[in-house]
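Read through the structure below, which is laid out as structure tokens, and then see the notes.
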Amino acid sequence: MPLPDSLPWNHGFVRSRQAWALLPQAGRDRIDWGGVRVAHLDTGYTFHPAFGFPDPPDGLKPGATSAIIVQDGGDFLEPARGTAFDPLEAFAPILKVELQPRGHGTFSGSVLAGRDPKADFYGVAPGLPLVSLRVTNGSVLLGHRAQATADALNAVALGGLAPVVNISVGTPAEHPRIRAAINRAYEAGIIVVAAGGQIIGEVVFPSRYGRAVSVGGVRRQVAQGRVQFRIYARYSDYRLIDVWAPAAPIRRGHVEPAGTHAGPYRTGYFDAADGTTYATTHVTAAAALWLRLRGAEIDAKYGPGWPRVEAFRKLLRDPAVCFSRLSDAERGELGPLFGHTPCLDLPRLLRAPLPTVGPGDKAPVQRS
């Protein structure tokens, strides 16, 4: 897979280029994903060129096909609409924290699976098929959004829609139906990757549930001519995070209305996005890459069910596989609860021996 030299810093941090070279190829500039795909629970998607749609997208309608979006998706927030298409509708802020522009599913999906060689843009798992499940029109899962998330997770678990789930949204409050749905997915051996959040100083749900893979963010900054990697968001207890991945600044696919909210829209790329939204997509990509490269071994060693989820988590938390990239000064500032601070390293993860998983490794329903 020929790759440009201009990949952004986040690709260098997780060593995407080296990881992609390990995967089966499907011709020039394409990874052969086999049967691996990801369920993407978010606001839906737009017809962005990062997903393989023509540019400009004027005139395309919901239901169009692309090389990325798998048309098994659907709308769990407004089921009557029947698609997972993001209508770019405005939404009212909840708790004054939903400050991102419209199109969150396009933002996160592009960093996960985008592939647009003309724009020199690549997600962490370029061309990975996404099953787009619309569960929200913002970043906070409250009320009907939480129920929609639980319904979508149940559809994935019961319908076998995908072996990996990406949830780049969250809520400060526990929701019993989301908890039950994550438990169901976990027992089915589905890897649910969720964002730790960055607003309230606590790891949010569903990332806080013990049977999800919880992701925190790393920020790249330059101080006095030196590159530093620092934690993007501070938490009261860092032990609730399984792994850290790039969160800021991130180059992402961008979309905005052109005229009315129901009319044509403009697409492009934005070079300064930030949030654990994007850290999460890196770890979801890692799970997809791992399953594609090592799937036969994983099936033979663990069979169906939760042990494969814990095998993936063990690799993320293993200091011989994913090691700290933060300075001693940064770790000192964060205090004793910060712990080992593993940072995602894709090729080391993909090459690592599969760990032993026993009954004692089964995760608790909720992290203490």
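Read the figures in this text as sums done on the coordinates, not as results from a lab. Bear in mind the structure is a predicted one, so any value in this text is a computation, not a measurement. Cβ: placed from backbone, ideal geometry, glycine included. Neighbour counts: every protein chain shown.
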* Asked: What does the charge count near Ala162 come to, summing +1 for each Lys or Arg and -1 for each Asp or Glu among other residues with Cβ under 13 Å from its Cβ?
  -> +1
* Structure fact -> Computed ³J(HN,Hα) along segment 180-191: with the Karplus parameters 6.51/-1.76/1.60, θ = phi - 60°, integer Hz and x for glycine or proline, the list is 5, 5, 5, 4, 5, 5, 4, 4, 7, x, 8, 7
* Asked: Using every alpha carbon pair in the chain, what percent of pairs falls into each 10 Å bin from 0 up to the bin containing the largest distance?
  -> 5, 27, 37, 24, 6, 0
* What ranking of Asp299, Asp271 emerges when the number of other C-beta atoms within 10 Å of each C-beta is taken as an exposure proxy, fewest first? -> Asp271, Asp299
* **Under the Karplus curve 6.51 cos²θ - 1.76 cosθ + 1.60, θ = phi - 60°, whole-Hz ³J(HN,Hα) for segment 119-134, x wherever Gly or Pro sits** => 9, 6, 10, 9, x, 6, 10, x, x, 4, x, 10, 9, 8, 10, 7
* For the peptides 216-224, 249-257, what is the packing order when you average, over each peptide's residues, the other Cβ atoms within 10 Å and list the highest mean first? -> 249-257, 216-224
* Structure fact -> Only helices counted: for the chain, with every DSSP H run of 4 or more residues adding -39500 (n - 2.57) and the sum spread over all residues, [θ] at 222 nm is -8500 deg cm²/dmol
* Under a 5 Å amide H to amide H cut-off, with H placed in plane at 1.01 Å, what residues pair with Ala233 once short-range neighbours are removed? -> Gly217
* **Choice from Gly189, Gly103, Gly12 with maximal GNM fluctuation in the chain (Cα, 10 Å cutoff)** => Gly12
* Structure fact -> In this structure, the FRET efficiency calculated for Ala180 and Val227 from their beta-carbon separation, with R0 = 35 Å, to the nearest 0.05, is 0.20
* To do: Mind giving me the nanometre distance, one decimal, between the label points for Arg239 and Gln71, set 7 Å out from Cα along Cα→Cβ?
  => 5.0
* To do: Please list 200-209, 79-88 highest first by mean number of surrounding beta-carbon atoms within 10 Å per residue.
  => 200-209, 79-88
* Structure fact -> Sorted largest first, the C-alpha extents of segment 200-250 along its principal axes in whole angstrom are 40, 18, 16
* Quick one: compute the contact order of the chain, relative version, from alpha carbon pairs under 8 angstrom and 6+ residues apart, as a percent. => 18
* Using r as the Cβ-Cβ distance of Arg317 and Ala258, and R0 as 45 Å, what FRET efficiency do you calculate, to the nearest 0.05? -> 0.50
